[in-house]
Amino acid sequence: MSTDNDQNPEERFEDLLEETLKDVTVLKKDGKVFRTKEQPAPIPVQSMKDEAEVLEELLHQDIDDDGLEFLSEEPAYLRSGLQHQILRRLRRNYWVVQDELDLHGSTSDGARILVANFLSHAKKNRFRCLRIIHGKGHRSSNKEPVLKKKLFRWLQLRSDILAYCEAGPGDGGSGATMLLLSAKS
């Protein structure tokens, strides 16, 4: 009399394994390895350090407003060598404003840092047309816009600014400035 316990355990295991794996397809060995997870993007550490150094240098430059007589306080600027049509188009909102910065309540030093960070962020994101709201000066002690004049000087010192002008009445008027950044980084 033979029972299931009398069978060879190795035969039972092989039969069981064969039965379990009957629907499995064996893949050919071609040496390819498939990644299960996508690799993370590399972090540009050196570029980040370079940008931080440039920003730090811009923020800590000693700019003496009295020593910059060659800079204009006019509400419009066009880099030399560019067509006047660029400034005309900027005034007429030809380009879509891609980002804006509001400087209300900022001190001169704080505004300078905010503007430098804002322009750095805009360049990184390849924004071209920007608006900076500086106010009309109604709350200043002499009722004149302090930040507006300083902003014009700061912008003229930068090589990446192609043009700027006062915003139109619907975009802030004399309390805001539209500016156009260079497309080259």
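Read-outs: derived from the displayed coordinates by stated rules, not from any lab. Values in this document were obtained by computation on a predicted structure and should not be read as measured data. Glycine gets a Cβ as well: all are built from the backbone with ideal geometry, and neighbour counts include every protein chain shown.
I'd like the Karplus ³J(HN,Hα) series for region 15-29: coefficients 6.51, -1.76, 1.60, θ = phi - 60°, whole numbers in Hz, and an x wherever there's a Gly or Pro.
5, 5, 5, 5, 5, 5, 9, 5, 8, 8, 9, 7, 7, 6, 8
Check residue 99: other-chain or 5+ apart residues with amide H under 5 Å from its amide H, H built from backbone geometry?
Amide H neighbours of residue 99, under 5 Å, 5+ apart: 131.
Check cross-link reach from residue 136 to the lysines: straight Cα distance under 16 Å, and skip same-chain residues fewer than eight apart.
148, 149, 150
Amide H to amide H, which residues 5 or more places from residue 168 or on other chains are under 5 Å from it, using H placed in the peptide plane?
Close amide H contacts, sequence-distant or interchain: 173.
Provide the per-residue ³J(HN,Hα) series for region 104-117, in order, calculated from phi with Karplus coefficients 6.51, -1.76, 1.60 and θ = phi - 60°, each as a whole number of Hz, with x at glycine and proline positions.
3, x, 8, 7, 4, 5, x, 5, 4, 5, 4, 5, 4, 5
What FRET efficiency do you get for residue 21 and residue 45 if R0 is 41 Å and r is their Cβ-Cβ distance, rounded to the nearest 0.05?
In this case the efficiency is close to 0.25.
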